[in-house]
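Undergrad: Can you read through this structure? Questions will come right after.
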Amino acid sequence: MVIKGIKHLAEINGMLDPITGEERFRYTLQREGSPQVLYWGHEHTEETAIQMANMYLNLLDDCATMIAKPGPRAQRVQFIAAPTAMRA
């Protein structure tokens, strides 16, 4: 399942936990048109995975629109550069 936002998208896939044998639902978030994953997580139910993916998708899209707006509101968002090894 793919959920599209303004500038980002979330993909939700079912997977089988190799240790417990239980089904989990993994979500990944990325900028539209980019293969790089910005954030990922997994949940026990599909409904929870959809809720979490939507929450992070809205957050990323809000940040992208705030940065694009001129004025003092754009100054509230700060990105910190981190070495590649520290990124999720």
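Undergrad: Could you tell me which residue of region 5-44 is farthest from residue 64 (Cα to Cα), considering only residues that are open to solvent by 80 Å² or more (accessible area, probe 1.4 Å), among the charged types (D, E, K, R) and part of a strand (DSSP E or B)?
TA: 23
Undergrad: Check whether at least one residue in region 64-78 is at pLDDT below 60, outside any helix (DSSP H, G or I) and surrounded by fewer than 10 Cβ atoms within 10 Å (Cβ to Cβ), and report yes or no.
TA: yes
The values are calculated or read from the model by the stated rules, or taken from the named source; none is laboratory data. Keep in mind that what you see is a predicted model, and the values were worked out from it rather than measured. Because the Cβ atoms are built from the backbone with ideal geometry, glycine has one as well, and the counts that use them run over all protein chains shown. When the accessible area is computed, the model is the full protein with side chains, heavy atoms only, and any ligands, DNA or RNA have been set aside. Shrake-Rupley method; radii C 1.70, N 1.55, O 1.52, S 1.80 Å.
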